[in-house]
1. Step by step: first the residues of region 44-65, then only those that are surrounded by fewer than 20 Cβ atoms within 10 Å (Cβ to Cβ) and among the small types (Gly, Ala, Ser), then the one that is nearest to Ala21 (Cα to Cα). Which residue is that?
2. Within region 66-89, count every residue that is farther than 15 Å from Ala21 by Cβ and either in contact (Cβ under 8 Å) with a residue 60 or more places away in the chain or touching a helix residue (DSSP H, G or I) at 6+ places or on another chain (Cβ under 9 Å) (or both).
3. Quick check on region 24-43. Is at least one of its residues modelled with pLDDT of 95 or more, crowded, with 18+ Cβ neighbours inside 10 Å, in contact with a Leu (Cβ under 6 Å, 6 or more places away or on another chain) and not in a loop (DSSP other than H, G, I, E, B)?
4. Looking only at region 48-84, filter to residues that are closer than 18 Å to Thr8 by Cα and either part of a loop (DSSP other than H, G, I, E, B) or over 11 Å from the mean Cα position of the chain (by Cα) (or both); which one of those is modelled with the lowest pLDDT?
Amino acid sequence: MNEHEIQTYMMNLLKLEKVLAFRINQGRRGHIRMTSREGLSDLIGITPKGKFFAIECKAYKGKLSEAQIEFMDDIVKNNGLAFVVYDIGECGQVAQILKQS
């Protein structure tokens, strides 16, 4: 699966589990950056118990950028949850963790 398909699958799964999540469309249009912070994860949201989370979706063998690692480290340092998912099996595991967090 490509990253877009993993993002879509994860969003649908979170919706089914009633976990509030938002898909972040970022990147560039010409020379204009279309995000508020470099490294912002693909999906962000709030768990049912009020914990902030970030999910980065990567295709098989996809690699996190330094900015993505820094963003996810900042989330964890501030008592949030951060995940990287590479396939739909991992999506299911993450959705269950978020549903109970």
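1. Gly45
2. Residues flagged as farther than 15 Å from Ala21 by Cβ and either in contact (Cβ under 8 Å) with a residue 60 or more places away in the chain or touching a helix residue (DSSP H, G or I) at 6+ places or on another chain (Cβ under 9 Å) (or both) within region 66-89 amount to 4.
3. Taking every residue of region 24-43 in turn, none turns out to be modelled with pLDDT of 95 or more, crowded, with 18+ Cβ neighbours inside 10 Å, in contact with a Leu (Cβ under 6 Å, 6 or more places away or on another chain) and not in a loop (DSSP other than H, G, I, E, B).
4. Tyr60
The values are calculated or read from the model by the stated rules, or taken from the named source; none is laboratory data. Everything numeric in this text was worked out from a predicted model, so none of it was measured. Glycine also receives a Cβ, built like all others from the backbone with ideal geometry; neighbour counts cover every protein chain displayed.
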